[in-house]
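One structure is given below, encoded as structure tokens.
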Ligand SMILES: [Zn+2]
């Protein structure tokens, strides 16, 4: 990984900011008595040992608007996991550096541009939308 500490910390901050905003939006959507358990989960925030829990828990809710957010929340949780295990910034397909510029635009990117484009071509051929 070619990212230095300050680059990594600024990317972490941008992930955190985005994550918070998503959770706030989801929280607003869920602000009804029947969704109280999810509100409590969001208010409690991710425990260190259960970083992945919020995205997974929210995935159980069948609301289109939440659905859109949950994908992004899980992407961010996955990116945080990669920061922790040191694989952040490396392409999951080829292992090359994803590159700072790309990460600044898409901090949750897990593929380099070349692999991502290959993947999109593949999915486009199958008629399935590619994801980051
Ligand atoms: Zn790659």
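Read-outs throughout are calculated quantities, based only on the coordinates presented, and are distinct from any laboratory measurement. As the structure is a computational prediction, the values presented were derived from the model and not from experiment. Cβ sites come from the backbone with ideal geometry, for glycine too, and all protein chains shown count toward neighbours.
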If a residue has to be within 9 Å of the ligand (Cβ to nearest atom) and either over 18 Å from residue 74 (Cα atoms) or not in a loop (DSSP other than H, G, I, E, B) (or both) to count, how many in segment 102-118 make the cut? 6
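One line per residue, one yes/no per condition, for (1) without any contact (Cβ under 8 Å) to a residue 40 or more places away in the chain; (2) surrounded by 15 or more Cβ atoms within 10 Å (Cβ to Cβ); (3) touching a strand residue (DSSP E or B) at 6+ places or on another chain (Cβ under 8 Å); (4) not in a helix (DSSP H, G or I):
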residue: 18; (1), (2), (3), (4): no, yes, no, no
residue: 21; (1), (2), (3), (4): yes, no, no, no
residue: 28; (1), (2), (3), (4): yes, no, no, no
residue: 35; (1), (2), (3), (4): yes, yes, no, no
Cβ-Cβ below 6 Å, separation at least six or inter-chain, first residue in segment 83-106 and more than 11 Å from residue 11 (Cβ to Cβ), second in a loop (DSSP other than H, G, I, E, B) and more than 13 Å from the ligand (Cβ to nearest atom): which pairs? 90/1; 97/2
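Search segment 80-101 for residues being touching a helix residue (DSSP H, G or I) at 6+ places or on another chain (Cβ under 9 Å), farther than 20 Å from residue 120 by Cα and not in a loop (DSSP other than H, G, I, E, B), and hand back the single one that is nearest to the ligand (Cβ to nearest atom).
Per the stated criteria, the residue is 100.
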